[in-house]
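Taking it in order: structure first as structure tokens, then the write-up.
The values are calculated or read from the model by the stated rules, or taken from the named source; none is laboratory data. None of these values were measured; they are calculated from a predicted model. Cβ placement follows ideal geometry from the backbone for every residue including glycine, while neighbour counts extend to all protein chains displayed. All accessible areas refer to the heavy atoms of the entire protein, side chains included, with ligands and DNA or RNA removed. Shrake-Rupley method; radii C 1.70, N 1.55, O 1.52, S 1.80 Å.
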Amino acid sequence: MTAPGLVLVEGWLAARGWEPFEFQHEVWRAIAQGRSGMLHATTGSGKTYAVWLGILGELLWKYPPAARGAQALRAVWLTPMRALASDTTRALAEPLRDLAPEWTIGQRTGDTPSAERARQDRRFPSVLVTTPESLSLMLTRENAREELRSVEYVVVDEWHELIGSKRGVQTQLALARLWRFNPRLVAWGLSATLGNLQQAMEVLCSPGIAVNAPSPALVRGRIDKSLVIDTLIPPDPGKYSWAGHLGARMQQPVVDEIANSGTTLVFTNVRSQAEIWYQLLLEARPEWAGQIALHHGSMDKATREWVEQGLKQGSLRAVVATSSLDLGVDFLPVERVLQIGSAKGVARMMQRAGRSGHAPGRASRLTLVPTNTMEIVEAAAARRAAQEGRIEQRCSPDKPLDVLVQHLVTIALGGGFRAGDLLGEVRTAWAYRDLTREEFDWALAFCERGGESLTAYPDYHRIAVDGAGVYRVPDRAIARRHRLGIGTIVSDAAMQVKYMSGASIGTIEEGFIARLRQGDCFFFAGKLLEFIRVRDMAAYVKKATRNKGTVPTWQGSKMALSTEMGDAVLEMMQRAAEGDFFEPELEAARPMLETQARLSRIPTPQSMLVEAFRSREGFHLYVYPFSGRHVHLGLASLLAWRLARDRPNTFSMSVNDYGFELVSADEFDLAPIIARQVFSTANLLADVLASLNSTELAQRRFREIARVAGLVFSGYPGQPKSAKQLQASSGLFFEVFRKYDQGNLLLTQAQKEVLSQELEISRLRATLARLLRKTLQFVQLRHPSPMSLPLMVERFREQLTTEQLSSRLDRILRDMERDAQV
């Protein structure tokens, strides 16, 4: 940092009794040299001030008090969540108010009131906290170049949350635009949990590298901060367990932990589980009403803000939350975190752990609460992986054309563009570094006339070239629809949930409401509600007087086990196979693991366990790759197809994070399995596509692509389209393109996204290659093993009621115990 700025900033810190860490000095030096970069540091270690004070110090030096009157937008701080914007704004405003009171700070998100937006439209603040979507909206302004060329610094907070998604690509394109406006722009990314730091920095800084900016700096903030990860071990987990088996049994231990702790965050992986655990806590301790709260993204904004304020003030004993509280909001009173079930990834677990002890020098503590016996083993594996720093990598999507199509219309609105200039600019974004001229020209033609099949429809002629060779948006209605549709967050249509008085409670997916009849009761936002009617895309309810109700289910797949976590679990299983039960979690899981070893084998990193079993249902095959449910779905479909290719057969299947089951009424040949022919990577892509209903999967993926690309309009404010309307519209486009525009690159993208995101084809290929290197252990079971039973239960749950499932499991367990005694 330049000397005058350094003196002011260090004086401000000293006045508060704070002394900067060495990594903060390192960031300040890099910023003073005009370098962009990436700061990776532990949650709660001071990342925000490391970058912000470096930027502020430089601005203070460049613009002495006499030069600060002519206000211009100098710094943009991007946050992935609107909930973080207010917290971030308060943190940035404190030194700004003391050191440069002439400058202003504001925030611009979807929650910003229209009056504040209008004020900003007349004159931007000096510093703006915003989201990727709102920044893209700013780029649609006719005078975007004149208004934004003054931006000298951009900070992307929680970069690990953005980099792997289309929102990250949207951020890359916006940064490429800002770098084009100001080649001396400096951009910094902040992260606490990333495994591929060098690449993540290059993705962020790619446009700067392209304009010959100084080389970016990678700073690792190492401070002495204790991270405690332990496990709430259930009493007597037993020899057999399945998904959720121990959940209710953990109710009292969790209540006891909360009662004996300070403010506690209780994380679940899905919203329905959060609703259930909130009710479990209240059921056990009714006197905690008003002292505990619920927080997830579907709840009303005012309620969420009340909960967040209660956490900050320390007035709440506990909050049950989902990923809505994962990211960097500062809740200093939070002493510990409980994670219900497995976090499924090392990065997510460490991110959540960092919500406690959120200040330099304070320990972060996370307690894992297993809901089945394998999750007890997983807990020990997660702790070991975290201690060894085995954090998952996150990679940028590769040239998604739906985002490019949206961006072309955005830039055409924001002053227009010439094709050659914009192609060069777009290629500076990492995601489009390999974009061909043909692909760019196709996207351009698609925006200009809707491709080969939509030429006759003026609504899809979104841009036009003028006499000077500049592309612009010629129609005001198209411009308005585009601005309303900017963004890459695509979710199923949601309905407002309101009391009959009109007070809002939150939003629930339309599909859940469609299944309700008048008088049905359900839990939502921690309340038991009775459904009355639907009117004007709102579900009207009243407080229920009954004691029972269903829990809403939200769309979206379950979190899958990461590669790093899968490897760590297998290493723990290896220790158990060798008789090493030193870890307390392994000792607790010992009855299950020893039963698995007695009836079958324990999977290890060097072995591939395959089990076969015959029952009244037919012939069962079990394989345990430990690669996560998404990969296992693809593997199960692939093996079923290959086994039936030469000898037709019909298979049922079930998957979990550890393995998969194939069941057939007819006997099938085990020789290709034992010889490992079915695990070959030869012709993998063709076989995977043939094994699945790839057209249906691609059509489902195309729904999102169509909305991002602007083909499907979600509706005007107060007049949203229903999920059925949106699905019908995207389905119609899909069929039209398939029949009349087979070269449409959005169709190709849908196919690629199915393979890369839903089936994780690269992980699937790597899993097959790894399985081929392992020693195959084949076991013919007399009874289901502890590892095969959970896969049976997954399948039973789709076929049986809760009572029937319980009866079936009781019979299976009785038979096994009786046989074990013979």
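Of note:
- Of all residues making up region 412-426, the number that are within 23 Å of residue 168 (Cα to Cα) and in contact (Cβ under 8 Å) with a residue 60 or more places away in the chain: 5
- The set of residues from region 212-269 being in contact (Cβ under 8 Å) with a residue 40 or more places away in the chain, in a loop (DSSP other than H, G, I, E, B) and of a type in the set (S, T, N, Q) comprises 215, 226, 241, 261, 263, 268, 269.
- Test: residue in region 480-492 that is in contact (Cβ under 8 Å) with a residue 60 or more places away in the chain, among the β-branched types (Val, Ile, Thr), loosely packed, with under 15 Cβ neighbours inside 10 Å and part of a loop (DSSP other than H, G, I, E, B): yes
- For region 637-686, the tally of residues that are under 18 Å from residue 762 (Cα atoms) and among the charged types (D, E, K, R) stands at 1.
- Residue 187 vs. criteria part of a helix (DSSP H, G or I) and at pLDDT 95 or above: no
- Test: residue in region 804-813 that is surrounded by fewer than 16 Cβ atoms within 10 Å (Cβ to Cβ), of a type in the set (Lys, Arg) and at pLDDT 75 or above: yes
- Number of the condition not met by residue 746 [criteria: (1) part of a helix (DSSP H, G or I); (2) of a type in the set (A, V, I, L, M, F, W, C); (3) closer than 30 Å to residue 792 by Cβ; (4) open to solvent by less than 20 Å² (accessible area, probe 1.4 Å)]: (3)
- Hey, residue 191 of a type in the set (S, T, N, Q) and farther than 26 Å from residue 560 by Cα or not: no
- Residue in region 196-209 that is outside any helix (DSSP H, G or I), modelled with pLDDT under 90 and open to solvent by less than 40 Å² (accessible area, probe 1.4 Å) present: no
- Hits in region 282-322 (condition: under 21 Å from residue 232 (Cβ atoms), open to solvent by 30 Å² or more (accessible area, probe 1.4 Å) and outside any loop (DSSP other than H, G, I, E, B)): 282, 283, 284
- Taken across region 655-668, residues that are surrounded by fewer than 17 Cβ atoms within 10 Å (Cβ to Cβ) and out of contact with any strand residue (DSSP E or B) (no Cβ under 6 Å at 6 or more places or on another chain) do occur, with at least one present.
- Boolean, residue 140 is closer than 22 Å to residue 40 by Cα and in contact (Cβ under 8 Å) with a residue 40 or more places away in the chain: no
- At least 2 residues being touching a Pro at 6+ places or on another chain (Cβ under 9 Å) is the threshold, and among the helices (runs of 4 or more DSSP H) wholly inside region 100-173 those reaching it are 159-162.
- Long-range neighbours under 7 Å by Cβ, at least six apart or interchain, first residue at negative phi and among the aromatic types (Phe, Trp, Tyr) within region 331-357, second assigned to a loop (DSSP other than H, G, I, E, B) and open to solvent by 10 Å² or more (accessible area, probe 1.4 Å): 331/358
- Meets criteria (under 23 Å from residue 56 (Cα atoms), open to solvent by 10 Å² or more (accessible area, probe 1.4 Å) and touching a residue at least 40 places away in the same chain (Cβ under 8 Å)) for residue 167: no
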